[in-house]
Amino acid sequence: MSEKSHLIIFDTTLRDGEQSPGASMTREEKVRIARALERLRVDVIEAGFPAASPGDAAAVKAVAEAVRDSTVCGLARALEKDIDCAGEALAGAAAPRIHTFLATSPIHMEKKLRMTPDQVVAQAVHAVRYARRYTDDVEFSPEDAGRSELDFLCRVIEEVIAAGARTVNIPDTVGYNIPEQFGGLLAALLARVPNADQAVFSVHCHNDLGLAVANSLAAVRAGARQVECTINGLGERAGNAALEEIVMAVRTRQDLFDCDTRLDTTQIVPCSRLVSSITGFAIQPNKAVVGANAFAHESGIHQDGVLKNRETYEIMRAEDVGWAQNRMVLGKHSGRNAFRTRLQELGVAFASEEELNAAFARFKEIADKKHEIFDEDLQALVTDTTLEAANERIKLVSLRVCSETGETPVADVVLLVDGAERAGQADGGGPVDATFRAIETIVATGATLRLYSVNSITSGTDAQGEVTVRLERGGRIVNGQGADTDIVIASAKAYIHACNRLLQPEQRAHPQTGDV
């Protein structure tokens, strides 16, 4: 049997995943996720869109300096100023890549770019050549390739490969394609582009019709050797192709795929939980591979079969994707060194002893309330501590809620706002509603609550609850997260976190907008 070829996994959780409404991440959070992706052995980490804002550029720079074993990529429109931003942000990377793009579909060229096909080809070629001033590893994407005319697409791709693009990515930008069609497109490009053998062909599929993974796999079978995807399928609109589903589909069906990834799949579940914790986007229980029910069997027939032979109803082992790997247990008698060591194993490093002390104090608080503390608890603890440190304008000082049968719940809250204590009181339809109303009497954001979600971090009645709050004001959407063994306190933390985000100016550009 011939040796399997390498399928490159290009993770864009930190860039495209962050474009989910409210899923913005701080620089420190991006570095934490990047380190988790590096432990997962992801080949390429797309760290962000440096030209979007100074904060995005700083985050890409931090990831580039933190990651040594994976290629770090920055996105840039086909503009010199964008490419310069990306090149400067990636200067410290061990293996930098610049990913530049320009739309090629008739509707995008005419309605968005207002450019002729010849102008598009010329600008695409110039962008690739210009990017090579910073690195030889240049990727080009013809945006909306799934709706582009095949002859023109072949022309653009041939020209950018000749200009030095090592990777050509074919995006289904709006999730319009179906597997047979998309696989056929990749096969046609590989057959018709004369210099196709000089570049790796990649795919980037969106999930608007629920076909992102299916389209990606069809393209891999047709010859694509890079897949762009995100942890948990995170991404704008309906999301992107889910990394964990792509990787495990290829790994499980080696009878059909003549390629495989280099990923350490036991890191999939820990990475998935980390991304969920940081972004506040919960994983639905029936989510493939990483959902809580992915390896659960309710049917008596299924249970009987699994007990007799696991492979009767399980095509993957839970241990292979990390379900049994992240079970290190700490407790209230665990010392500071054990705490620090376990967090280092999880890829969490502290910039100072003060940060470590603050996190350890929080650990001891939780340990007094909870008998066993698992890795998921530690990840949530670090996220919670980071949120408190990063948002100084509003902090929770104290909360008292009175709720009893037949009486209207009342909440009394004290907040520290810009260094001064302020108190508020309100009643509501329940203890959480009363708490949110009491906070609003102080901060007066005027925002609309769009989502309130509670998830148990681990099992048991003493489990920490992780709360996500989504607020909208003036068309701007922000997410807030909070964790605590007390759900009402976790809810207050999440609401305050969202309020802090609303108070921060938003100055990010979107990579698919702007003059070109």
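Structure notes:
- When the stretch 410-433 is filtered for residues that are open to solvent by 80 Å² or more (accessible area, probe 1.4 Å) and more than 35 Å from the chain's Cα centre (by Cα), the ones remaining, listed by number, are 421, 422, 423, 425, 427.
- Residue within the stretch 31-53 that is over 21 Å from residue 226 (Cα atoms), modelled with pLDDT of 95 or more, in contact with a strand residue (DSSP E or B) (Cβ under 7 Å, 6 or more places away or on another chain) and among the β-branched types (Val, Ile, Thr) present: no
- Residues that are part of a loop (DSSP other than H, G, I, E, B) and open to solvent by 10 Å² or more (accessible area, probe 1.4 Å) were ranked within the stretch 9-21; the one that is modelled with the lowest pLDDT is 21.
- Checklist (1) within 22 Å of the chain's Cα centre (by Cα); (2) at pLDDT below 90; (3) among the aliphatic types (A, V, I, L, M) applied to residue 275, failing item: (2)
- Members of the stretch 23-37 that are farther than 17 Å from residue 69 by Cβ and open to solvent by 10 Å² or more (accessible area, probe 1.4 Å): 24, 25, 26, 27, 28
- Picking from residues in the stretch 296-354 that are polar (S, T, N, Q) and either at positive phi or open to solvent by less than 70 Å² (accessible area, probe 1.4 Å) (or both), the one that is modelled with the highest pLDDT is 341.
- Annotation note: of 58, 62, the sole residue that is in a helix (DSSP H, G or I), over 23 Å from residue 229 (Cβ atoms) and among the small types (Gly, Ala, Ser) is 58.
- When each of 63, 72, 121 is tested for being surrounded by fewer than 24 Cβ atoms within 10 Å (Cβ to Cβ) and at pLDDT 95 or above, the lone residue that passes is 121.
- Residues in the stretch 363-384 that are open to solvent by 10 Å² or more (accessible area, probe 1.4 Å) and over 19 Å from residue 455 (Cβ atoms) were compared, and the one that is modelled with the highest pLDDT is 364.
- Whichever residue in the stretch 434-491 is of a type in the set (Val, Ile, Thr) and in a strand (DSSP E or B) and, among such residues, is modelled with the highest pLDDT: 448
- Spans of strands (runs of 3 or more DSSP E) in the stretch 135-245 with at least 1 residues over 26 Å from the mean Cα position of the chain (by Cα): none
The values are calculated or read from the model by the stated rules, or taken from the named source; none is laboratory data. None of the values given here were measured: they were computed from a predicted structure. Note: ideal-geometry Cβ built from the backbone for every residue, glycine included; neighbour counts use all protein chains shown. Accessible surface areas use protein heavy atoms only, side chains included; no ligands, DNA or RNA. Shrake-Rupley method; radii C 1.70, N 1.55, O 1.52, S 1.80 Å.
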